[in-house]
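The values are calculated or read from the model by the stated rules, or taken from the named source; none is laboratory data. In this text the structure is predicted, and so the values were computed from the model without any measurement. Note that we place each Cβ from the backbone using ideal geometry, even for glycine, and neighbour counts take in every protein chain shown.
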Amino acid sequence: MSDDTINTRKTEHINIVDKAHGIDRKKAYFDLIRLHHRALPEIDYSGVDPSLSIMGKQLSFPLLISSMTGGENSLIEKINMNLALAAQETNVAMAAGSLRVIFDNPKAEKSFHIRQYAPDTLLFSNIGAIQLNCELNTESCKKAIDVVGADGIFLHLNPLQEVIQPEGDTNFRGLADKIGNVVRELDSNVIVKEVGSGMSCSDVELLISQNVKYIDVAGSGGTSWSRIEHFRQPGDDGNSLGITFEDWGIPTPESLIQLNKYKDKITLFGSGGLRNGIDMVKAVILGASLCGIASPFLRPAMNSCEDVIKVIEQFKLEFKTTMFLLGIDNFKDLMGNQSLISQSYY
Ligand SMILES: Cc1cc2nc3c(=O)[nH]c(=O)nc-3n(C[C@H](O)[C@H](O)[C@H](O)COP(=O)(O)O)c2cc1C
């Protein structure tokens, strides 16, 4: 596929997420879990510390700005710069959008040079795992990490999106082996993620057998890629596959609950439809070491770094407040602590 098509596609995605109706499914799946409110928390709010250490870096709280964009386009460059500046300022993690475009269009690299804006914090690169069945390989992943100056790389799995895309790559045969090769050959952290349909136990067992150590469930409930791809198709040709499947997948909390049994073998990240600090705390209680959030940052990042910081600070305030109301004053006591759940409807 030409770089022009990939570049155009990235801009179309941004426009659709920003403007089209109902892309954020707002399913509030985390509301089906209630936590133990403490009327007597017996701790001092001023001492509540949500910071954590992960992959050798210290974060102010477990937020990951999930992968969104990159390409040869001034708006895209601005979005990535504002996200990276805000991640550095607030000390949270950030992942770049897919770097596939740089292999066709070197001019797109500029948009991924985000280490200059975020010299200290945790940064990740990103590539579609399906490309390992097409033209990319471990060397491409190395390059994608170098261009970002990243601490690791996300390999995303998006079978639903690829089917809905008219130009999608749909041969997923043998992909687990190829992912395993990258994990073995790459001297960096590899995180395998979905993009909004979640991970099942069968997926995770396959990935564990390939030595994968980090998995981001990226479940359903938030951004729907099926719906985005539906809106990208010009005209109404009567093909409503993207609408039929818009809510397909495993809700993020459900995916985290199912995968809890692998907690000694993998580090889990939770993303997909997390929309406030309470959702984030619930994800951590369900075993997520990092909480990924994408679309709520898009519009602020189109405006300014300050607008992104405001959203991050709000999430942090909500996260700290939830910890306080649970009587928990440090991250370690929160992580995986399912005794804090008073009722789960899963
Ligand atoms: C505009 C936009 C572009 C995205 N591009 C990518 C991408 O290139 N690679 C990827 O792994 N995920 C991508 N995602 C998916 C997100 O990283 C995330 O997994 C998903 O949106 C669920 O999070 P949310 O509900 O908080 O938006 C993108 C999301 C958005 C909103």
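Kindly indicate which of Leu326, Leu274 is touching a His at 6+ places or on another chain (Cβ under 9 Å), of a type outside the set (Gly, Ala, Ser) and either buried (at least 17 other Cβ atoms within 10 Å of the Cβ) or more than 28 Å from Gln88 (Cβ to Cβ) (or both).
Numbers: Leu274 fails: touching a His at 6+ places or on another chain (Cβ under 9 Å).
None of the others qualify; the one that does is Leu326.
Within the stretch 289-324, if we keep just the residues that are of a type in the set (Gly, Ala, Ser) and either part of a helix (DSSP H, G or I) or more than 13 Å from the ligand (Cβ to nearest atom) (or both), the residue that is nearest to Leu40 (Cα to Cα) turns out to be Ser289. Among residues that are more than 19 Å from Phe154 (Cβ to Cβ), among the β-branched types (Val, Ile, Thr) and buried (at least 23 other Cβ atoms within 10 Å of the Cβ), Ile257 is not included. Screening the candidates Lys107, Lys142 for the property of being surrounded by fewer than 24 Cβ atoms within 10 Å (Cβ to Cβ), touching an Asp or Glu at 6+ places or on another chain (Cβ under 6 Å) and farther than 25 Å from Gly196 by Cα yields one hit, Lys107.
Selection of the stretch 88-124 for residues being in contact (Cβ under 8 Å) with a residue 60 or more places away in the chain and more than 20 Å from Leu136 (Cα to Cα) yields Glu89, Thr90, Val92, Ala93, Asp120, Thr121, Leu122. Of all residues in the stretch 1-40, exactly one satisfies the criterion of being of a type in the set (Ser, Thr, Tyr) and more than 30 Å from Pro106 (Cα to Cα), namely Tyr29. Taking (1) assigned to a helix (DSSP H, G or I); (2) under 20 Å from Ile65 (Cα atoms); (3) not hydroxyl-bearing (Ser, Thr, Tyr) in turn, Asp333 satisfies each apart from (2).
The stretch 1-103 holds strands (runs of 3 or more DSSP E) entirely within its bounds, and those carrying 2 or more residues that are within 12 Å of the ligand (Cβ to nearest atom) map to 63-65, 93-95. Out of all the residues in the stretch 216-225, is one or more away from the ligand (no atom under 12 Å from the Cβ) and touching a residue at least 12 places away in the same chain (Cβ under 8 Å)? Looking for residues that are away from the ligand (no atom under 12 Å from the Cβ) and touching a residue at least 12 places away in the same chain (Cβ under 8 Å), one finds none in the stretch 216-225, hence no. Residues in the stretch 148-156: is at least one away from the ligand (no atom under 15 Å from the Cβ) and touching a residue at least 60 places away in the same chain (Cβ under 8 Å)? Scanning the stretch 148-156 turns up at least one residue that is away from the ligand (no atom under 15 Å from the Cβ) and touching a residue at least 60 places away in the same chain (Cβ under 8 Å).
Taken over the stretch 13-43, the criterion of being touching a Gly at 6+ places or on another chain (Cβ under 9 Å) and either among the small types (Gly, Ala, Ser) or closer than 24 Å to Ser342 by Cα (or both) is satisfied by Lys26, Lys27, Ala28, Tyr29, Phe30, His36, Arg38, Leu40, Pro41, Glu42, Ile43.
Out of the residues in the stretch 243-254 that are surrounded by fewer than 19 Cβ atoms within 10 Å (Cβ to Cβ) and more than 19 Å from the chain's Cα centre (by Cα), state the one that is farthest from the ligand (Cβ to nearest atom).
Here is the first cut: in the stretch 243-254, the residues surrounded by fewer than 19 Cβ atoms within 10 Å (Cβ to Cβ) are 243-244, 247-248.
From what's left, more than 19 Å from the chain's Cα centre (by Cα): 243-244.
Working: Ile243: 18, Thr244: 20 Å.
That would be Thr244.
Residues of the stretch 110-128 that are within 15 Å of the ligand (Cβ to nearest atom) and surrounded by fewer than 23 Cβ atoms within 10 Å (Cβ to Cβ): Gly128 alone.
State whether the residues of the stretch 259-271 include one that is in contact with a Cys (Cβ under 6 Å, 6 or more places away or on another chain), closer than 23 Å to Ala95 by Cβ and within 11 Å of the ligand (Cβ to nearest atom). Within the stretch 259-271, one or more residues are in contact with a Cys (Cβ under 6 Å, 6 or more places away or on another chain), closer than 23 Å to Ala95 by Cβ and within 11 Å of the ligand (Cβ to nearest atom). Could we say that Asp18 is closer than 24 Å to Gln161 by Cα, out of contact with any strand residue (DSSP E or B) (no Cβ under 8 Å at 6 or more places or on another chain) and touching a residue at least 60 places away in the same chain (Cβ under 8 Å) here? Against the criterion (closer than 24 Å to Gln161 by Cα, out of contact with any strand residue (DSSP E or B) (no Cβ under 8 Å at 6 or more places or on another chain) and touching a residue at least 60 places away in the same chain (Cβ under 8 Å)), Asp18 qualifies.
Taken together, Ser74, Ser53, Ser66, Ser46 contain a single residue that is polar (S, T, N, Q), crowded, with 24+ Cβ neighbours inside 10 Å and either at pLDDT 95 or above or touching a Gly at 6+ places or on another chain (Cβ under 6 Å) (or both), which is Ser66.
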